[in-house]
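The values are calculated or read from the model by the stated rules, or taken from the named source; none is laboratory data. In this text the structure is predicted, and so the values were computed from the model without any measurement. Cβ sites come from the backbone with ideal geometry, for glycine too, and all protein chains shown count toward neighbours. Each accessible area value is taken on the protein alone, full model and side chains, heavy atoms only, with ligands, DNA and RNA left out. Shrake-Rupley method; radii C 1.70, N 1.55, O 1.52, S 1.80 Å.
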Amino acid sequence: MSSETILIIGANGQIGLELAENLRTIYGENNVVSADLKDLNNPHGIYERLDVLDKERMYAIIKKYNVTQVYLLAALLSATAEQKPKAAWNLNMEGLFNVLDAAKEGIIKKVYWPSSIAVFGPTTPRVNTPQYTVMEPNTIYGISKLAGERFCEYYFQKYNVDVRSIRYPGLIGWKSAPGGGTTDYAVHIYHEALKNKTYECFLSEQTALPMMYMHDALKATISLMDAPAENVKIRSSYNISGMSFTPKQIADEIKKHIPEFTISYKPDFRQTIADSWPASIDDSYANKDWGWKPDFDLAKMTDDMLMNLK
Ligand code: NAD
Ligand code: AKB
């Protein structure tokens with residue numbers, strides 16, 4: 001029987017739904033608690049309604065299940081955050097403080113909190129963006145993620161909190177829908193290609209962004225959380241890389257499977273966000289510290305996405 005009990009906060013989202021499934025396989029059905037804002041009628045495992053901003057209820061749930069690790073996934077993503085800046089700042093920061101404080105007080109032992117490539121900004125070197133570089137994000141989301149990274153490192157240094165983090169690229173998967181990001185087009189395009197054989201992209205044709213298949217994102221997350229503490233040398237957040245492509249390149253890959261597929265481009269406000277982010281990422285620290293290596297490239301991901309969505 002596992003000695004760990006995990007609480008996933010924000011478990012109904014794009015990452016949470018898949019992560020919960022994986023963690024239940026590893027730790028057992030009864031050792032993973034999913035929590036999110038809404039009541040669910042038919043949850044897949046143990047489920048609690050929780051607003052992460054309600055610290056008292058979060059502590060009560062932690063105590064009820066003897067939770068040892070929290071995966072904090074509740075956040076507003078880049079596109080939504082630009083529409084609701086105050087709410088985004090409040091959720092992205094206060095939610096993190098509530099969880100870090102629980103670890104500082106010794107109520108939980110380990111915290112996972114994802115950062116994002118959004119911590120970089122227009123003055124960052126765009127190609128093969130290093131782990132340590134200029135960081136001047138100009139989106140609310142990126143600013144909150146960078147501040148969050150600084151607090152994670154602070155809580156580690158000052159209070160010995162075992163917090164671990166990854167700067168995810170745009171994530172793509174077939175099991176769950178994305179929730180308000182700039183990279184969401186790379187999921188929608190597969191659904192539209194199968195359903196309507198055409199897609200109107202909200203980013204321009206040559207906008208290269210770092211992306212990753214969900215399989216790899218979950219592999220990275222679980223490897224980092226399993227790594228011996230002494231190997232986790234970066235306590236702000238790790239760069240990781242999967243692949244990098246433009247809307248045109250993903251469309252060309254889809255056309256190999258669906259020759260009649262067409263794409264058109266109508267950039268909107270998300271173009272400005274994408275233009276401020278890296279095109280590709282250097283992940284050598286993650287590789288050196290805990291052996292990170294992705295399994296999927298664009299061609300392999302496209303095969304898998306289309307096969308499963310069909
Ligand atoms: P998502 O928007 O799909 O899911 C977030 C979940 O949090 C939702 O189910 C939502 O109901 C829940 N939530 C919102 N407010 C809450 C609150 N107050 N209390 C409890 N739950 C609340 O997001 P995601 O894509 O699964 O992302 C999870 C984390 O990973 C976020 O921190 C995000 O910034 C980060 N991330 C995601 C990506 C990506 O491409 N998906 C990339 C980089 C970083
Ligand atoms: C978004 O587009 O906001 C996310 C991210 C890269 O953080 N997918």
- line: Turns out the strands (runs of 3 or more DSSP E) fully within the range 150-218 with at least 1 residues that are more than 10 Å from ligand 1 (Cβ to nearest atom) are 162-164, 198-201, 209-213
Test: LYS86 is of a type in the set (D, E, K, R) and either more than 30 Å from LEU209 (Cα to Cα) or in contact with a helix residue (DSSP H, G or I) (Cβ under 7 Å, 6 or more places away or on another chain) (or both): no
Residues that are surrounded by 14 or more Cβ atoms within 10 Å (Cβ to Cβ) and either of a type in the set (S, T, N, Q) or within 26 Å of GLU136 (Cβ to Cβ) (or both), drawn from the range 263-274: PRO267, ARG270, GLN271, THR272, ILE273, ALA274
task: Considering every residue within the range 156-165, establish whether at least one is modelled with pLDDT of 95 or more, among the hydroxyl-bearing types (Ser, Thr, Tyr), open to solvent by less than 10 Å² (accessible area, probe 1.4 Å) and near ligand 2 (Cβ under 9 Å from one of its atoms).
output: no
task: For residues that are of a type in the set (Lys, Arg) and outside any helix (DSSP H, G or I), scanning just the range 235-260, find the one that is least open to solvent (accessible area, probe 1.4 Å).
output: ARG235
query: Which ones in the range 225-249 are in contact with a helix residue (DSSP H, G or I) (Cβ under 6 Å, 6 or more places away or on another chain) and either farther than 17 Å from ASP282 by Cα or not aliphatic (A, V, I, L, M) (or both)?
result: ALA227, ASN231, LYS233, ARG235, SER236, SER237, TYR238, GLY242, PHE245
message: Just to confirm my filter: which helices (runs of 4 or more DSSP H) fall fully inside the range 36-118 and include at least 2 residues that are crowded, with 19+ Cβ neighbours inside 10 Å and in contact with a Leu (Cβ under 7 Å, 6 or more places away or on another chain)?
response: 55-65, 85-104
